[in-house]
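The values are calculated or read from the model by the stated rules, or taken from the named source; none is laboratory data. In this text, all values refer to a predicted model and were calculated from it rather than measured experimentally. Backbone-built Cβ (ideal geometry, glycine too); neighbour counts: all protein chains shown. Ligands, DNA and RNA are stripped out before the accessible areas are found, and what is left, the full protein with its side chains, is counted by its heavy atoms. Shrake-Rupley method; radii C 1.70, N 1.55, O 1.52, S 1.80 Å.
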Amino acid sequence: MKKILVVNGHPNKESFNTVIAQSYMKSALEAGSEVRYIAIGELNFNPNLQFGYRQRMELEPDLVKALEDIQWSEHQVWIHPLWWLGMPAIMKGFFDRAFLPGITFKSGKEGSTAGLLTGRTGRIITTAGDLSLDVYEDIYASSGLVQLKKGILEYCGISSIQDSFIGPLYELEEDDRRKWIARIENFAQSDSKRKIPLNAL
């Protein structure tokens, strides 16, 4: 049985991102996985890391619970819209406040670092309202994906991260959305059977 955590970074619970999250979770549960869900926009926390790393801010109960779910997970699914070539502010604030030294990574001598979330796989699903995949990759060098995949998740030890880009949403007809939801459900079925790579343990 796979322990899957689904994280929705869209602040609006009526968004297509929520439809994606719910469809994924339903399919993963049907495949026999255990599933937990974090809707970042519904958490109660201060997204401003106002002291940087100089002074530790007390974690709000919602952040404590979210970190427990992150530690519990074997596979993580991060769903978010692309806004200004990156994630929404509330999602970035979640990482600023929760992904702290000694919790998701550690620093060593001479600037070396090591991730503390090893042994976990991941998936990123990005939606874009008016941007095509070609433009995102060729003109903007997949900036948001680099930030989340390389700069955060892999940095913290998560490996074998698969990613999908859905957009531009304004061009998608209802049939296109249904096809994407079917693919999302297939992702969940596949993820429920994924093995953790030996080099990630």
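Here are the numbers:
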read-out	value
Looking only at the range 39-49, and only at residues there that are open to solvent by less than 100 Å² (accessible area, probe 1.4 Å) and not small (G, A, S), the one that is nearest to I125 (Cα to Cα)	I40
Matching option when the condition is open to solvent by less than 40 Å² (accessible area, probe 1.4 Å) and β-branched (V, I, T), among T118, T126	T126
Filter result (closer than 18 Å to Y24 by Cβ and either in a helix (DSSP H, G or I) or among the polar types (S, T, N, Q) (or both)) within the range 166-185	L169, D176, R177, R178, K179, W180, I181, A182, R183, I184, E185
Count - residues of the range 1-38 that are farther than 19 Å from G167 by Cα, open to solvent by less than 20 Å² (accessible area, probe 1.4 Å), outside any helix (DSSP H, G or I) and modelled with pLDDT of 95 or more	6
Test for F95: is it within 13 Å of the chain's Cα centre (by Cα), of a type outside the set (G, A, S) and open to solvent by less than 70 Å² (accessible area, probe 1.4 Å)	yes
Residues located in the range 149-164, provided they are in a helix (DSSP H, G or I) and either over 23 Å from I184 (Cα atoms) or of a type in the set (A, V, I, L, M, F, W, C) (or both)	G151, I152, L153
Some residue of the range 57-72 being surrounded by 19 or more Cβ atoms within 10 Å (Cβ to Cβ), farther than 21 Å from I161 by Cα and out of contact with any Cys (no Cβ under 6 Å at 6 or more places or on another chain)	yes
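Listed here are the residues, each with its yes/no results for (1) more than 19 Å from V7 (Cβ to Cβ); (2) surrounded by 18 or more Cβ atoms within 10 Å (Cβ to Cβ); (3) within 19 Å of the chain's Cα centre (by Cα).
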residue: A114; (1), (2), (3): yes, no, no
residue: V135; (1), (2), (3): yes, no, no
residue: S159; (1), (2), (3): no, yes, yes
residue: G167; (1), (2), (3): yes, yes, yes
residue: A182; (1), (2), (3): yes, no, no
residue: F187; (1), (2), (3): no, yes, yes
residue: S192; (1), (2), (3): no, yes, yes
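Residue-wise test of (1) part of a loop (DSSP other than H, G, I, E, B); (2) modelled with pLDDT of 95 or more.
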| site | (1), (2) |
| --- | --- |
| K106 | no, no |
| E110 | no, no |
| T118 | yes, yes |
| R123 | no, yes |
| D134 | no, yes |
| Y140 | yes, yes |
| G144 | no, yes |
| Q147 | no, yes |
